[in-house]
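Rule-based calculations on the coordinates, nothing more; no lab input. Please read these numbers as outputs of a predicted model, since none were measured by experiment.
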């Protein structure tokens, strides 16, 4: 058993992808070793901005020998009447690398026992390693003269099995034992003695490289908090910073306080997204005119680097300040004519057409949610203004701020506060943990996603596979999340119809609902039982009811009541009828009606759904009388009047239960 170390050293790798890519590299190597029959104890990874490293522990020296029985031609074809091998047998034996005399008969066929000797681990690794480059997924790949493509040019390869180099060529580069330290602080080669992870990390740490991700994370936070104690760092920003530095330290930079007139979210976006700086806030949450920058240098470089960090930030803020002042010269509503010249989609018209659809749809959604006329009117106003910021200078420079810029400009134009807030809400997709939006914002959020889902789904095409170029799948998921969290009573079928959706769009959304529930562990039969509910809130509530009922001791009796009623009525082609008390002849049917009639009167009137308690009460009251009814009464009587009357009684019970759930869809355990 030996340890193995494989390092790909490259130019600076994309920080947003390097973690996933390194994990894929580990998986690819592990799968290749398993396919070759080489056992090993475990595999782990380390990465930094300029390297991806895989460690394999306890790797076997050879793969085991393998014996395989290979089926050949029929025995009657392989041997003649005298039992001599034919040309078919000779060809089969030659193909399997065995003598003709080694062929075995078993039943009607001939078999050969093929022995495949194990391979030395070095030979396996030499074959496997060159192909790993292609197995690593990147959002973008590039060429640099090597036969392979990768996220960035590969500059070095280390392949050590124990203390020995595994000879191979990866991306045109021969493997060796030399890695390199920090590109500026320790740029020389480092000869590794063996594949020990501890020794590898120790040698690189001495060369100003923290190769362990968690160690760098701790170092980054410590450096930031040394500058500003307790400063919060957004998780996504922290991950990105950790993946762009190998030897982190930090400094505090400043900018002119006049830039604080810019919208706070814009300032944060410029600092975090464009420069990867950590914004500094006062105790009351307002931004300070300073930031913390993480360097890939020693702390001694802070005074030299600080002017450079400040210098790259100021032009972005100056541009933003200019865009803000220029944009404010034109009210948001006066930008509507400019939307005519911007194509939304060739089949869906311009952005002005999109705004007109939202202006009409948002009030209808507000009405479906039960909001009043004033709220609906403001929702229409928000829909009209929703896309106006897309033709501003600010969004042209900072597209990630679409919607928010419109919200800021609308408020400055004197639009109602909830209209301005709605413009900021329209593009939100991660709604988990979010506070409920204002009514107008909720209407516009739903209208935006309904429009994307229905217009693209009906006129352009629904997404297939993993591709979702127009965000249709994302719109469907956002719509369901918004309904679940904020609008459980929205009638989805009516909302889809209002947005111009087709039956295919409705089916697509139903599939998303089913998958959403199954991903949460809801049994498939429970999902089928509640599929008829018009609102997501009612459906989810009924799922909770079924989950609670299925654990109760009376649930089997409830299912029995539903099944016995349905089994009779589903075969009857007779039209629906009202129970005629005068036609109740048998004592058992009279007894059933006597308990059902007052119970039915006490239930909510159709079509209002029944509650869990209603369903439990039906089971408790009807189980015994219904059992007696089926024991003593011939339901399908020859007299058509009696038969129809008895079916009507069972249909009433079945219809009432259907207002709770289709219990016959549930599989009885």
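Structure notes:
- Per-bin percent of Cα-Cα distances, the range 348-454 [5 Å]: 2, 14, 24, 26, 21, 9, 2, 0
- C-alpha center-to-center spacing [the range 607-669, the range 513-571] in angstrom: 16 Å
- Normalised contact order of the range 241-317, rounded percent, pairs of Cα under 8 Å and 6 or more residues apart: 44 percent
- The smallest convex shape that holds all Cα atoms of the range 540-665, its convex hull, gives 103 Å³ per residue.
- Along principal axes, Cα extents of the range 454-612, largest first, whole Å: 67, 35, 28
- Cα pair distances exceeding 29 angstrom across the range 338-521, given as percent: 17 percent
- Here the relative contact order of the range 66-116, from alpha carbon pairs under 8 Å that lie six or more residues apart, stands at 49 percent.
- With the biggest extent put first, the Cα atoms of the range 400-486 measure 44, 24, 21 Å across the principal axes.
- The range 213-327: translational diffusion in µm²/s, Stokes-Einstein, Kirkwood Rh over Cα pairs, 4 °C, 1.567 mPa s: 89 µm²/s
- The range 213-260: Rg to Rh, with Rh as the Kirkwood radius over Cα pairs: 1.03
- Divide the volume of the convex hull around the Cα atoms of the chain by the residue count and you get 280 Å³ per residue.
- Alpha-carbon Rg/Rh ratio, for the range 1-151, with Rh computed the Kirkwood way: 1.22
- Value of relative contact order over the chain, rounded to a whole percent, pairs C-alpha under 8 Å and six or more apart: 7 percent
- Kirkwood analysis of the Cα pair distances in the range 299-417 returns a hydrodynamic radius of 16.4 Å.
- Annotation: Cα Rg of the range 324-378 relative to the compact-globule expectation 2.2 N^0.38 Å equals 1.43.
- Computed log₁₀ I(q)/I(0) - Debye formula, equal Cα scatterers, no solvent, the range 592-652, q 0.16 Å⁻¹: -0.58
- Stokes-Einstein D (µm²/s) once Rh is taken as the Kirkwood radius of the range 66-116 over alpha-carbon pairs, at 20 °C in 1.002 mPa s: 201 µm²/s
- Convex hull volume of the C-alpha atoms in the range 152-292, normalised per residue: 129 Å³.
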